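Read the structure below first, then the notes.
The values are calculated or read from the model by the stated rules, or taken from the named source; none is laboratory data. Everything numeric in this text was worked out from a predicted model, so none of it was measured. So basically every Cβ, Gly included, is an ideal-geometry build from the backbone, and we count neighbours across all protein chains shown.
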Amino acid sequence: MTDASQLSQCSGNYPDPVIVTIIPDPPVFGQNIQFIVSLVPYITVEVGAFVDIQVNKPDMIIPFSVQQDICNDNYVNCPIPASNQQYHYTSPTYFLNGTESFTTYVKARLVNPDNTILSCVEGIFTILGGN
């Protein structure tokens, strides 16, 4: 069984530490899910920042990557100024119905428009099969 604590900081130097909490943990197909991201922005998160999400499952023919602009009215108001205060963001999500559990490797990086990687988490992510 997977839990959010398996999404840990990537190896390397990333200036803005991030913690991801998932409710419920583990998530289940067909149920509402919340991703709560807690970030300490030691370096400013600039307008135009995005999250680069890489997904790779051993039996997938081609791994895929998705980039999500986070600096807009639907997500986060940027810039997020540099500080030593924690910043929290909650994203409600819904995974469509699936009867079989799905496990994959996920790597998510917060990237400024100049391609500076501010944060990185990675690990094994499982969504349990629904009814």
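Within the range 7-57, if we keep just the residues that are at pLDDT 90 or above and among the aromatic types (Phe, Trp, Tyr), the residue that is nearest to the chain's Cα centre (by Cα) turns out to be Phe50. Would you check if Ile19 is more than 11 Å from Ser119 (Cα to Cα) and out of contact with any Pro (no Cβ under 8 Å at 6 or more places or on another chain)? For Ile19, the condition - more than 11 Å from Ser119 (Cα to Cα) and out of contact with any Pro (no Cβ under 8 Å at 6 or more places or on another chain) - is not met.
Would you pick out the residues in the range 79-111 that are of a type in the set (A, V, I, L, M, F, W, C), crowded, with 16+ Cβ neighbours inside 10 Å, under 28 Å from Pro63 (Cβ atoms) and at pLDDT 80 or above?
Those that are of a type in the set (A, V, I, L, M, F, W, C), crowded, with 16+ Cβ neighbours inside 10 Å, under 28 Å from Pro63 (Cβ atoms) and at pLDDT 80 or above: Val106, Ala108, Leu110, Val111.
Return the pair list, or none, for Cβ contacts closer than 9 Å from residues in the range 18-47 that are at positive phi to residues that are aromatic (Phe, Trp, Tyr), at least 6 apart or on different chains. As it stands, the answer is Gly30/Tyr94; Gly30/Phe95, since those pairs meet every condition given.
The residues in the range 112-125 that are surrounded by 17 or more Cβ atoms within 10 Å (Cβ to Cβ) and not acidic (Asp, Glu) can be counted, and the count is 7.
The numbered conditions (1) assigned to a loop (DSSP other than H, G, I, E, B); (2) in contact (Cβ under 8 Å) with a residue 60 or more places away in the chain; (3) at positive phi are all true for Gly123 except (1).
Could you tell me whether Gly30 is part of a loop (DSSP other than H, G, I, E, B), of a type in the set (Gly, Ala, Ser) and farther than 18 Å from Ala108 by Cα? Taking the combined requirement at face value, the residue satisfies it. Of the set (1) of a type in the set (D, E, K, R); (2) closer than 20 Å to Pro27 by Cα; (3) surrounded by 13 or more Cβ atoms within 10 Å (Cβ to Cβ); (4) touching a Gly at 6+ places or on another chain (Cβ under 8 Å), all apply to Asp69 but (2).
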